[in-house]
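A.B. asks: Next up is a structure, given as structure tokens.
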Amino acid sequence: LHQSHRKNCRDKMRTTFQKFKASYFLYSFKRDKVAIFSFVVLTIFLLLALTAPWVAPMDPYDAVNIDIMNSELPPVWMEEGSSEFLLGTDNQGRDMLSTMLYGLRTSIVIGLGAVALQGIIGVIVGLFAGYMGGKMDAVLMRLADIQFSFPYLMVAILMSAIFQVAFGLGSFERLAVPLLIVIIGLAEWPVYARTVRAAVMGEKNKEYVEAARVIGLNRWRIMFRHVLPKTMTSVLVISTIQVANAVMS
């Protein structure tokens, strides 16, 4: 049984890979030079972020490596630049290249984490609002409107102040990244909710949904198995934009 299960898994993986090779996505991607170049750049940045502790010249968070006498040095190609600091140093004497590599890791973690949180909340809310309609739709969309009315930076400042008072500054510094993920995620979920709601409202009256109702499938199976996959294209497009917005935030 175990060998049969492994064989079935390999066959499924092989079939999935074959479908991917024959997909229009891969066909169009290989013929788009801008997309290929962007993917290569993104891959390089991801690799640099993952390997920052090994490729960075120094650890900018380790006070032992920081010398205030090296502050505000220019890049190596400018006069008074040092080969020890290729991109120069900041006003505290930290190597700018190392700081950017370590900061890249934080930006990626916050960007992906915040988008995952806002995507989960927004997709579920939009799916229920669009499919159920009626009072549920009205209540959920009014909650989204209320959320939009609050600038999330103001919410972030308020939540961070409350957290520092409740748990102390030391705990805040240790949990700053998870806190930012939660703040940005909770602030931006209505973007997903509105988009998914519009897509679901366009899908729920189509023939395949009516056929699913006729054969007796319950609404939960119809929503998550049949309607939700049809909305994922727009969700993926929004996610690429929202990751950049989360990083900038």
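The values are calculated or read from the model by the stated rules, or taken from the named source; none is laboratory data. Since we're looking at a predicted model, the values are computed, not measured. Here Cβ is always computed from backbone atoms with ideal geometry, including for glycine, and neighbour counts include all displayed protein chains. Ligands, DNA and RNA are excluded from the accessible area calculation, which covers all protein heavy atoms including side chains. Shrake-Rupley method; radii C 1.70, N 1.55, O 1.52, S 1.80 Å.
A.B. asks: Per residue, how large is the accessible surface of the stretch 112-249? Use a 1.4 angstrom probe and give square angstrom.
C.D. replies: On the way: 7910 Å² over 138 residues.
Solvent-accessible surface per residue comes out at 57 Å².
A.B. asks: Report the label-to-label distance for LYS206 and LEU158 in nanometres (one decimal), using points 7 Å from each Cα along the Cα→Cβ vector.
C.D. replies: 4.0
A.B. asks: Which residues in the stretch 103-118 have a backbone N closer than 20 Å to a point placed 7 Å from the Cα of PHE25 along the Cα-to-Cβ line?
C.D. replies: Within reach of a label on PHE25: 112-113, 115-117.
A.B. asks: May I pose another question? As an exercise, use a Förster radius of 30 Å and the Cβ-Cβ distance of VAL182 and THR240 to find the FRET efficiency, rounded to the nearest 0.05.
C.D. replies: On the way: r = 21 Å, r/R0 = 0.71.
It comes to 0.90.
A.B. asks: Using a 10 Å cut-off on Cβ atoms, rank the peptides 68-78, 139-149 from the highest mean neighbour count down. Mind showing how you got there, number by number?
C.D. replies: Values: 68-78: 12.4, 139-149: 14.0.
Sorting 68-78, 139-149 by mean packing, highest first, produces 139-149, 68-78.
A.B. asks: Then there's this: Output the 0 to 90 degree angle, nearest 10, between the alpha-carbon long axis of helix 228-248 and the longest principal axis computed from the alpha carbons of the chain.
C.D. replies: Tilt of helix 228-248: around 20 degrees.
A.B. asks: A further question on this structure: Express the carbon and sulfur contribution to the solvent-accessible surface of the stretch 22-154 as a percent, rounded to the nearest whole number, probe 1.4 angstrom.
C.D. replies: On the way: 5940 of 8520 Å².
Reported share for carbon and sulfur atoms: 70 percent.
A.B. asks: Rounding to the nearest 10 and keeping the result within 0 to 90°, find how far the Cα-based axis of helix 134-149 lies from the longest principal axis of the chain.
C.D. replies: With both axes taken from Cα atoms, the answer is about 10 degrees.
A.B. asks: May I ask which of LYS33/LYS206; LYS135/LYS206; LYS135/LYS204 have a Cα-Cα span longer than 25 Å here? Intermediate values should be presented prior to the final figure.
C.D. replies: Working: LYS33/LYS206 37 Å; LYS135/LYS206 22 Å; LYS135/LYS204 17 Å.
With Cα atoms farther than 25 Å apart: LYS33/LYS206.
A.B. asks: By how many degrees, between 0 and 90 and to the nearest 10, does the Cα long axis of helix 96-132 differ from the longest principal axis of the chain?
C.D. replies: Computed tilt is about 20 degrees.
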